[in-house]
Amino acid sequence: MKIKILYFAQLAELAEKSEETKHVFDSSLCALYADLKKTYNFHQEFTQLQVAVNHQLSAHNTELRDGDSVAFLPPMTGG
Amino acid sequence: MLFRITEKIIEPEKLRQTMLSSRAGAYCSYEGWVRDHNEGKDVNSLHYSAYEELAQTIGCKILDEAESKFQVESAIVHRVGDLSVADIAVWVGVTAHHRGDTFLACRYIIDNIKHRLPVWKKEVYSNGDECWIESNHCGCSDPKNLQF
């Protein structure tokens, strides 16, 4: 299935992009993040990040579906 | 209710004008400023980035919670992009019939912005180093405010 991944803050800097589309076979967010962590040397663990699927905060065990957009969110530091 | 993410300079006086109401007896605002130091380092500037689609949803939710909890009218404007020392990074405005609710709601909103709004801050230091801040837990937030 085709998944659009959005990157923000330090993750965007490490990935050197703000978004990309990937073909994935595993529907788990954990597996997707493990792959990205290895590719881009993200230092945060999956459990340290919040997840948004289709622009909504989502549970870590949400199953991905074809066409979803996903963002892994570092701890917020606005204000 | 107003929620806005902007790259433009925040002008509090103009925003205050938008809050004026003959029904309100009190107005309280909060401005978060860029300061020139953090944890012993000289800060030259800050860079803020946001996940705008999600920030709209969460920002409006925070305002909705504050308005239900304290019976106020409220607004948030958060800046993104490159900010200099003394720039306003975030503005919160609240009106209500009475002053007590405006103080409480203003505090509720800024505490929740810091913990829940998908905005991230990078510090740029005087020696040229840069660092994404990874925790907003400075101990200033009232824990009661983080449980609606």
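The values are calculated or read from the model by the stated rules, or taken from the named source; none is laboratory data. All of these numbers come straight from a predicted model, not from anything done at the bench. Note: ideal-geometry Cβ built from the backbone for every residue, glycine included; neighbour counts use all protein chains shown. Protein only, heavy atoms only, side chains kept; ligands, DNA and RNA dropped before computing areas. Shrake-Rupley method; radii C 1.70, N 1.55, O 1.52, S 1.80 Å.
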- Task: Sort out which residues of segment B:91-148 are within 26 Å of A:Ser58 (Cβ to Cβ), touching a residue at least 40 places away in the same chain (Cβ under 8 Å) and not β-branched (Val, Ile, Thr), and write them in order of number.
- Result: B:Tyr108, B:Asn112, B:Arg116, B:Leu117, B:Pro118, B:Trp120, B:Lys121, B:Lys122, B:Phe148
- Note on the structure: Result of the Cβ filter at 8 Å on segment B:46-57, keeping first residues that are at the interface with chain A (Cβ under 7 Å from one of its Cβ atoms) and partners that are assigned to a helix (DSSP H, G or I) and open to solvent by less than 60 Å² (accessible area, probe 1.4 Å), at least 6 apart or interchain, is B:Ser49/A:Ala9; B:Ser49/A:Ala12
- Message: Within segment A:19-36, does at least one residue satisfy the condition of being closer than 30 Å to B:His78 by Cα, out of contact with any Ser or Thr (no Cβ under 7 Å at 6 or more places or on another chain) and within 14 Å of another protein chain (Cβ to nearest Cβ)?
- Response: yes
- Message: When you check B:Asp36 against the structure, is it more than 14 Å from every other protein chain (Cβ to nearest Cβ), in contact with a Ser or Thr (Cβ under 6 Å, 6 or more places away or on another chain) and of a type in the set (Asp, Glu), yes or no?
- Response: no
- Item | Verdict on B:Asp82 being under 23 Å from A:Glu19 (Cβ atoms), without any contact (Cβ under 8 Å) to a residue 60 or more places away in the chain and more than 12 Å from chain A (Cβ to nearest Cβ) | yes
- Message: With the requirement that a residue be within 30 Å of B:Cys140 (Cβ to Cβ), surrounded by fewer than 16 Cβ atoms within 10 Å (Cβ to Cβ) and small (Gly, Ala, Ser), what does segment A:23-79 give you?
- Response: A:Ala59
- So which of B:Val92, B:Val80, B:Val43 ends up being modelled with pLDDT of 95 or more, farther than 28 Å from A:Leu11 by Cα and not hydroxyl-bearing (Ser, Thr, Tyr)? B:Val92
- How about segment B:58-143: which strands (runs of 3 or more DSSP E) wholly inside it have at least 2 residues that are open to solvent by less than 20 Å² (accessible area, probe 1.4 Å)? B:73-79, B:81-84, B:88-96, B:119-125
- Query: Inside segment B:19-50, can you point out the residues that are open to solvent by less than 60 Å² (accessible area, probe 1.4 Å) and in contact with a Cys (Cβ under 8 Å, 6 or more places away or on another chain)?
  - Reply: B:Cys28, B:Ser29
- Going through segment B:11-53 one residue at a time, which ones are assigned to a loop (DSSP other than H, G, I, E, B) and either of a type in the set (D, E, K, R) or under 18 Å from B:Trp120 (Cα atoms) (or both)? B:Glu11, B:Arg23, B:Val34, B:Arg35, B:Asp36, B:Glu39, B:Tyr51
- Task: Could you check chain A for strands (runs of 3 or more DSSP E) lying wholly inside it with 2 or more residues that are in contact with an Asp or Glu (Cβ under 8 Å, 6 or more places away or on another chain)?
- Result: A:2-6
- Scan segment A:3-13 and give yes if some residue there is over 13 Å from the mean Cα position of the chain (by Cα), modelled with pLDDT of 95 or more and under 28 Å from B:Val92 (Cβ atoms), otherwise no. no
